[in-house]
Amino acid sequence: MIRDEHEREPTKFDFDLAFVSVGFEQRCRWVTESKHITAQRGIGLEFGFLAEGSYSSNKAFFTARGFKVVGGLGPDAVTNIGKEAEGVGGGGDLSVFVDISAMSREMIANIVLVLRQMAKNFVVAVTVAYAPSKYSGPYAAAPIRLASPIKPALAGWSAFPELPVGALFGLGCDPGLALGALQFLEPNKAWVFSPKGIDPQFDKALLSANEHIEDIFDVTRFDYKIENPSQARGRIEVLLNAIDRDFRVVIVPFGPKIFAWLALATVVFTDRSSVGVWAFSSKEQAQLVDRAADGPIIWHTLKLGPH
């Protein structure tokens, strides 16, 4: 399904279809505003809660530009988002823009599942934009309130349930969150991906948030540069090729949203139904921060098409 991949900035910013998030963070609209993104059809995905922070101004911004705002979460989200996207492009090749900067991981998963359906019938060039946030102070610890597959379609069903669990983690800055998730899953082996190339303050917070993991679990650590998403996705795919015959693999995409996109895209677009993608979160206990974009934009384009 993946035919080509690159991380170049687009030469034009007009697309057949555009997906954005309409939430409480300022960065929801930053890429669209700064790059003057336009589309034949724009779809804004809202959370259905968290109508605070910059939500009202974000919704007004996108509505004024012709985006239709719809629910981006829930059990029917993939079906509903797919219906909103039907008919765009006139039946030919599609160009799709997705700003994942302020999307939740479930929202990103919904978009990936919609794109998979589209790519069964058309060639789809999907351009993802990720605007890292400015560092906004220390991260607060919060207990895990949710632990489950990110979507039922991504639960992962291995034909060999007797195999040991292997966990592939992205690391983030939430104190103790990755350690708590590892203690929940109890994998025989873990591979953790640590982001590099962000503000040094993030690097320090990440080290502090994930201390003691390697004291407790059998861990292999990889560093990845957020500004080189194609290389990071390739490393995820190579690792999955190496381990998925020996482990029941679960991916937990903490950390920058670009890692969630890369992990989900690899699992879904390379047809790895045996690999589960799980979500762990603090739900309403989490600290809400209206994050502003730091400035740079990370681009990642995949060309998808029927097998």
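The values are calculated or read from the model by the stated rules, or taken from the named source; none is laboratory data. Just so we're clear, the structure is a prediction, and the values are computed from it rather than from any experiment. Cβ placement follows ideal geometry from the backbone for every residue including glycine, while neighbour counts extend to all protein chains displayed.
For this structure, a couple of remarks:
- Taking the criterion of being among the small types (Gly, Ala, Ser) and surrounded by 16 or more Cβ atoms within 10 Å (Cβ to Cβ), the only residue of the range 139-152 that qualifies is Ala142.
- Every residue from the range 219-242 that is touching a residue at least 24 places away in the same chain (Cβ under 8 Å), β-branched (Val, Ile, Thr) and surrounded by fewer than 16 Cβ atoms within 10 Å (Cβ to Cβ): Thr220
- Yes/no for Glu186 being of a type in the set (D, E, K, R) and in contact (Cβ under 8 Å) with a residue 40 or more places away in the chain: no
- Note on the range 170-184: residues that are in contact with a Leu (Cβ under 7 Å, 6 or more places away or on another chain) and assigned to a strand (DSSP E or B) amount to 0.
- Subset of the range 84-106 (residues that are farther than 16 Å from Val267 by Cβ and of a type in the set (A, V, I, L, M)): Ala85, Val88, Leu94, Val96, Val98, Ala102, Met103
- Candidates Pro161, Pro187: the one that is assigned to a loop (DSSP other than H, G, I, E, B) and at pLDDT below 95 is Pro161.
- Selection status of Asp271, at positive phi, surrounded by fewer than 24 Cβ atoms within 10 Å (Cβ to Cβ) and assigned by TED's automatic domain parsing to the domain that holds Phe169: yes
- From the options Gly71, Gly66, residue that is at positive phi and either out of contact with any Lys or Arg (no Cβ under 7 Å at 6 or more places or on another chain) or among the polar types (S, T, N, Q) (or both): Gly66
- Some residue of the range 258-268 being surrounded by 15 or more Cβ atoms within 10 Å (Cβ to Cβ) and either modelled with pLDDT under 95 or in contact with a Gly (Cβ under 6 Å, 6 or more places away or on another chain) (or both): yes
- Looking only at the range 45-64, and only at residues there that are crowded, with 18+ Cβ neighbours inside 10 Å and either without any contact (Cβ under 8 Å) to a residue 40 or more places away in the chain or out of contact with any Asp or Glu (no Cβ under 7 Å at 6 or more places or on another chain) (or both), the one that is nearest to Leu302 (Cα to Cα): Leu45
- Going through (1) surrounded by 24 or more Cβ atoms within 10 Å (Cβ to Cβ); (2) over 26 Å from Ile226 (Cα atoms) one by one, Ile100 falls short only on (2).
- In the range 195-218, residue farthest from Ala167 (Cα to Cα) [restricted to those that are in contact (Cβ under 8 Å) with a residue 60 or more places away in the chain and surrounded by 14 or more Cβ atoms within 10 Å (Cβ to Cβ)]: Gln201
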